[in-house]
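Enquirer: Quick one: the structure is below, and I'll ask about it shortly.
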Amino acid sequence: MQIKLTSLMVNDQDKALEFYTDVLGFRKKNEIPMGPYRWLTVVSPEDPEGAELSLEPNANPAGRAFQEAMFAQKIPVAAFQVADLSAEVQRLRGRDVIFVSEPFDAGAVKLAVFSDTCGNLIQIYQPVVSAVR
């Protein structure tokens, strides 16, 4: 069993596609019309055949309520691993990304949280390499 696809509710698919590709640096993998919406996925350029992130419209009232509740409670709905948290935070700040949590050490990881401009909070994290095993 493998994780090949996961989804994230967004309140605007066009805005989400722009943010996840132009700002974060993911690449569009699929864009298939589905009535008034699209099957829209992005992947990491480092692993184009790896896991896909589906940018799902929050048209379903239950999905929208979940998304809004998670945002209101300041709970990230996704986490992306980065090699260098400090460098990634600086890069994203240079692209006007709004951080709601400054980088901090959480033991086994360093992390920060930002808004994706589409109704979600996203966590980025860097595993802390321990010299002792």
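Bear in mind that the values in this text are calculations on the coordinates, not laboratory data. Computed from a prediction, not measured in an experiment: that's the story for all the values here. No Cβ is skipped: glycine too gets one built from the backbone with ideal geometry, and neighbour counts run over all protein chains shown.
Enquirer: What is the antiparallel percent of DSSP beta bridges lying wholly in the chain, to the nearest 5?
Expert: 65
Enquirer: Let me ask something else. For segment 45-133, which GluC sites (Glu not before Pro) pass both filters: DSSP loop (anything but H, G, I, E, B) and at most 16 other C-beta atoms within 10 Å?
Expert: Listed in order of number, the matching sites are Glu46, Glu49.
Enquirer: Pick from Ile122, Ile98, Ile32 the residue whose mean-square fluctuation is largest in a GNM of the chain, springs joining Cα atoms under 10 Å.
Expert: Sorting by GNM fluctuation, first place goes to Ile32.
Enquirer: Same structure again: Taking the alpha-carbon distance from Lys15 and a cut-off under 26 Å, which lysines remain once sequence neighbours fewer than 8 residues away in the same chain are dropped?
Expert: Cα-Cα hits under 26 Å: Lys4, Lys28, Lys29, Lys74.
Enquirer: Bin width 5 Å, origin at 0, all Cα-Cα pairs of segment 5-127: what percent of pairs per bin?
Expert: Whole-percent P(r) values from 0 Å outward: 2, 11, 20, 24, 21, 14, 6, 2, 0, 0.
Enquirer: With each run of n ≥ 4 DSSP H residues scored as -39500 (n - 2.57), what mean residue ellipticity at 222 nm is computed for the chain after dividing by its residue count and rounding to the nearest 500 deg cm²/dmol? Kindly include the intermediate steps, with their values, before the conclusion.
Expert: Working: 3 runs with 27 residues, N = 133.
One gets -5500 deg cm²/dmol as the mean residue ellipticity at 222 nm.
Enquirer: Mind listing which trypsin sites (Lys or Arg not before Pro) in segment 4-103 are in a DSSP loop and have 14 or fewer other Cβ atoms within 10 Å?
Expert: For trypsin sites (Lys or Arg not before Pro) across segment 4-103 that sit outside H, G, I, E and B with at most 14 neighbouring Cβ atoms in 10 Å, the list reads Lys4, Lys74, Arg95.
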